[in-house]
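Read the structure below first, then the notes.
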Amino acid sequence: MTALALAYDWLRGLHIVSVIFWMAGLLYLPRLYVYQFQAQPGGELETTLIVQQRRLYRGIMTPAMVAAWLFGILLLLSNAGRSGGWIFIHTIPWAVKLLAVIVMTGVHGMYGAARRKFAEGQRPRSEKFWRMMNEVPAVLAIVIVLVATVGLR
Ligand code: HEM
């Protein structure tokens, strides 16, 4: 057994912890954008929201996303999981999981681009759009977790 395979349970635990922090931000940041639409331009609430958005995105979500990818790739390379590791990467459940995490990463990048505009006091897209965006990471998370727990075997 390789050292990576021995570390498998640790890697899996750290992967899940990282994913929890990443998801918390993906679900909450669009809500802060919705609040900014309701705040007075240049007012105290808007200033507070901009600080909260920056701290959430830079301080929590981006490091958590990097950690989720890092531990996920190490899990794949360990070849120790129920899914059999990277040699099974071509199977349909893996394709679904990878596609969903790539879309999730794209959503993260889209939030980041919007955050820079909100920080300048702009209001990109619409309040309705950010209310609807709340649902996208939720649906992706359900797909990814069910593929990881039921599909990968
Ligand atoms: C960021 C890129 C990601 C990569 C490269 C990745 C890769 C992996 C790998 C290789 C495993 C071990 C599977 C096995 O062999 O049993 C795993 C487990 C898991 N992943 Fe990910 N993952 C990623 C993102 C995510 C996300 C975004 C979620 C949830 C929203 C997630 C949820 C899980 C869960 C719940 C497990 C544990 C499955 C089990 O042990 O039964 N992963 N992941």
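Over the chain, the fraction of Cα-Cα pairs per 5 Å bin, rounded to whole percents and listed from the shortest bin up, is 2, 9, 17, 20, 16, 12, 9, 7, 5, 3, 1, 0, 0.
Shape analysis of the range 1-81 based on the Cα gyration tensor places the equivalent ellipsoid semi-axes at 38, 9, 7 Å, largest first. Its residues counted as N, the range 52-138 yields a C-alpha radius of gyration over 2.2 N^0.38 Å of 1.36.
Farthest towards the positive end of the charge dipole of the range 3-151, among the residues Tyr8, Thr91, Gln36, is the Cα of Gln36, using unit charges on the Cβ of Lys, Arg, Asp and Glu.
Maximal additional length on extending the Ile92-Gln52 stretch stands at 10.5 nm, based on 0.36 nm per residue less the C-alpha distance. Note on the chain: with a GNM built from Cα contacts shorter than 10 Å, the maximum mean-square fluctuation among Pro30, Pro41, Pro137 falls on Pro41. Applying the criteria of a DSSP loop state and at most 12 other Cβ atoms within 10 Å to the trypsin sites (Lys or Arg not before Pro) of the range 14-103 yields Arg82. Around the Cα centre of the range 3-151, unit charges on the Cβ atoms of Lys, Arg, Asp and Glu (plus for the first two, minus for the last two) sum to a dipole of about 180 debye. Rounded to 0.05, the FRET efficiency of the Ala5 and Leu45 pair, given R0 = 30 Å and the Cβ-Cβ distance, is 0.05.
At an R0 of 30 angstrom, the distance between the Cβ atoms of Val66 and Phe37 translates into a FRET efficiency of 0.50. Taking only complete DSSP H runs, can you tell me which helices of the chain stretch 18 Å or more along their own long axis by Cα positions and average at least -0.5 on the Kyte-Doolittle scale? Span-like helices in the chain: 8-38, 62-78, 92-119.
None of the figures in this text is laboratory data; all of them are computed from the coordinates on show. As the structure is a prediction and not an experimental result, all values here were calculated from the model. Neighbour counts run over all protein chains shown; Cβ positions are idealised from the backbone, glycine included.
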